[in-house]
1. With springs connecting C-alpha atoms under 10 Å apart, model the chain as a Gaussian network and identify which of 91, 311, 245 has the largest mean-square fluctuation.
2. Going down the list 249/302; 252/306; 249/276; 3/405; 108/156, which pairs span over 20 Å between their C-alpha atoms?
3. By the gyration tensor of its Cα atoms, with a ≥ b ≥ c the square roots of the eigenvalues, what is the shape of the range 104-190: rounded for a/c under 1.5, prolate for a/b over b/c, or oblate?
4. Test of understanding: what is the full-extension gain from residue 322 to residue 196, defined as 0.36 nm times their sequence separation minus their Cα-Cα distance?
5. May I ask for the net charge around residue 297, where only other residues with Cβ less than 13 Å from the Cβ of residue 297 are counted and Lys, Arg are +1 while Asp, Glu are -1?
6. Residue 198: net charge of surrounding residues, Cβ under 12 Å, Lys/Arg +1, Asp/Glu -1, itself excluded?
7. Rounding to the nearest 10 and keeping the result within 0 to 90°, find how far the Cα-based axis of helix 367-376 lies from the longest principal axis of the chain.
8. Given the Cα-Cα distance of residue 149 and residue 269 and 0.36 nm per residue of separation, how much length would full extension add, in nm?
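Read-outs: derived from the displayed coordinates by stated rules, not from any lab. Note that the structure is predicted; figures quoted are calculated from it, not measured. Ideal geometry is used to build each Cβ from the backbone, glycine not excepted, and the neighbour counts take in all protein chains shown.
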Amino acid sequence: MKKKSIIIICGIALILRALYAFGFPLHELAGDALGYDIIAWNITQGFGFSLQSGTPTPIRAPMYPFFLSIIYFIFGHSLLMATLAQALLGSLICFFVYDIGNRLFSEKVGLLAAWLYCFYPVSIAYSGLLLSETLFTFLFVLAISFFIRSENGNKKYWLILSCCALGVTTLTRPTTILFPAGIFMALLISGVSRPIRKILLVALAFGFVILPWTIRNYKQFNVFLPVATGGSTCLYATGCMAEGSTYDKGMKEAHAKWKKFKTSNEFSQGLDPNIKFDRQLKKEGVEMIKNNLVNYAAVVLKRIPKYWISSHSSIFGVNKPFGEYYARKEYFPIFFRIALLLFHGILMLMAFMGMIYSLKSFRNWSILPLIFLYFNMHILFDMCPRYFIPIFPYIFIFCSVFIIKASEKINFMGGIEKSRDVKSGFSA
């Protein structure tokens, strides 16, 4: 029965995401999507991992461009086929959401969480974009599923697979490069035997996957670069906010600095210009933060509620301020964004209550709050809502715990009332 149910869920998830891909096809690319597309097409044509044909680039992690290049090699330069491939990955995420919920809590929790993720509109929309979120979320949920199958490291085979999958996840987006520390913490919290051996095993398996690309970077650019450059622009903008400026102004300043750098003598001397500029901008951002620690702390604290309860409406093109929509008498976007905010707020509240209900078995699921804590560190450097997307599978799992526990309590209380009514009727 459960096999049939999860197959149905994955099938519906695939249909929904495929329909979205057909209904909202990609035409023009910009920003990160354009960069991924250019690198992938250059790989397919034999020009290597490059933005400019034949010139290696350090500014992107490799897995997503390689993923796209496989699609392009088989089907040609088809953005539709790329999004359909992501639709398939999105449907498979539902399976692993079920697997995690089932193993940690119950089959009911797993199935309900899979249903919730299946219909979650934001995940559907992201699968239709040429961005790394869907692949990254799939690989990360795969790594977590394998870790849970390892029974807190007691089954070494699954632990090794988990860390290898985590390595591939990091080669998709470097943000998880420190997440082996989360694995270490989960192992220690679980009270696993011989933790040092298992921690070394985690480090070796993870490093084994990352190492080939790190070696490539060293050979190409003569510098230690585990995965890719990145994050300097956002860090600089955050530093500007600590100085009292705005995020947008900081981003504009960073882009202006890049234009100026490209015309300077430094551009063609020494290190790869992307690496050199990335380091310089990070250094400036860190200095601004150091000199304004109190303001920086205030900036980070203000980001917390916005990070955890965001509408994610920009994915649907609703990204203008409320005032602008109101001035134009466009009320539906206002209603839509408020509805999404309320929806996500309710989700977070239910997830929190689900965690409270499950505290007795905390050791079994300690890896999940460590995921929340780890991904929350994004607010130290940036406020991009899409960095939150990989957390939603686990949010839905705890929402499902709450919904099922609450319904059981309601049924139990209803049963008591019914029993009282029967007794009173009998005695009468």
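1. Answer for the Gaussian network model of the chain: 245.
2. Flagged as over cut-off: 252/306; 249/276; 3/405; 108/156.
3. The shape class here is oblate.
4. 40.1 nm
5. Surrounding charge for residue 297 is +3.
6. +3
7. 40
8. Here the answer is 38.2 nm.
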